[in-house]
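Participant: Supplied in structure tokens, the structure appears directly below.
The values are calculated or read from the model by the stated rules, or taken from the named source; none is laboratory data. Note that the structure is predicted; figures quoted are calculated from it, not measured. Note that we place each Cβ from the backbone using ideal geometry, even for glycine, and neighbour counts take in every protein chain shown.
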Amino acid sequence: MKKAAVSISAALLSLFAAPAFAENYELTVTRKGSNVYKVDSKSIIVRTRYCYVYAYSEEAILKWNGYGGELIFFDSKDKCDVKGAYGETQQNPGKFAIKATREDDDWYSVFGTDLFIRTNGCFSLAMSEDSLLTIGPGGYGRLRFNNSGDCMVEGVYSKLRLQ
């Protein structure tokens, strides 16, 4: 009986002790807003949680474990939790009726999709608000909220699947 309990415990421990797949990415980032860092010379945004590092073309490492990550800045040695990395999509020009929700400063999610809208100087506190997204050539445009004005759009992004 004792041997069976030990072997079951060992089997359970081996399941939980399996190595997590982690990747490290070397980046150069610039802070673009609260919890928003742009990878220099790429159309990639890294979103963080409660990160107050004012980086300008600062080298960093993004450690990703499949579920979340950490952004580590070389100069300051600061570490920030990462919500995700997002790549700019090639959205066709046009007008789109959407429901937008504010996720963070200048960052809105599109209900029912994996798309996010990066704005500039947008102060709407939209919560699943009916909106009109107008995209022109080059990905720039306007996000017009039915009840609270409109904002300039800098790009439309989708979450990247990091390995």
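Results for (1) modelled with pLDDT of 95 or more; (2) part of a strand (DSSP E or B); (3) surrounded by 18 or more Cβ atoms within 10 Å (Cβ to Cβ), shown as yes or no for each residue.
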{"residue": "Leu27", "(1), (2), (3)": "no, yes, yes"}
{"residue": "Thr48", "(1), (2), (3)": "no, yes, yes"}
{"residue": "Ala60", "(1), (2), (3)": "yes, yes, yes"}
{"residue": "Lys63", "(1), (2), (3)": "no, yes, no"}
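Participant: Considering only residues that are closer than 30 Å to Gly66 by Cβ and either in contact with a Gly (Cβ under 7 Å, 6 or more places away or on another chain) or assigned by TED's automatic domain parsing to the domain that holds Ser43 (or both), which ones fall in region 107-160?
Facilitator: Across region 107-160, the qualifying residues are Arg118, Gly139, Gly155, Val156, Tyr157, Ser158, Lys159, Leu160.
Participant: Can I ask one more? Please give the strands (runs of 3 or more DSSP E) falling wholly within region 107-162 in which 1 or more residues are within 15 Å of Glu88 (Cβ to Cβ) and either in contact with a His (Cβ under 6 Å, 6 or more places away or on another chain) or not aliphatic (A, V, I, L, M) (or both).
Facilitator: Working: elements: 107-110, 115-120, 129-135, 141-145, 150-159.
Correct list: 107-110, 115-120, 141-145, 150-159.
Residue by residue, here is whether (1) surrounded by fewer than 19 Cβ atoms within 10 Å (Cβ to Cβ); (2) on the phi < 0 side of the Ramachandran plot; (3) in contact with a Ser or Thr (Cβ under 6 Å, 6 or more places away or on another chain); (4) without any contact (Cβ under 8 Å) to a residue 60 or more places away in the chain holds:
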{"site": "Ser34", "(1), (2), (3), (4)": "yes, yes, no, no"}
{"site": "Tyr37", "(1), (2), (3), (4)": "no, yes, no, yes"}
{"site": "Asp40", "(1), (2), (3), (4)": "yes, yes, yes, yes"}
{"site": "Lys79", "(1), (2), (3), (4)": "yes, yes, no, yes"}
{"site": "Gln90", "(1), (2), (3), (4)": "yes, yes, no, yes"}
{"site": "Ser109", "(1), (2), (3), (4)": "no, yes, yes, yes"}
{"site": "Leu115", "(1), (2), (3), (4)": "no, yes, yes, yes"}
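Participant: Checking Gly139 against (1) over 18 Å from Lys32 (Cβ atoms); (2) in contact (Cβ under 8 Å) with a residue 40 or more places away in the chain, which test does it fail?
Facilitator: (1)
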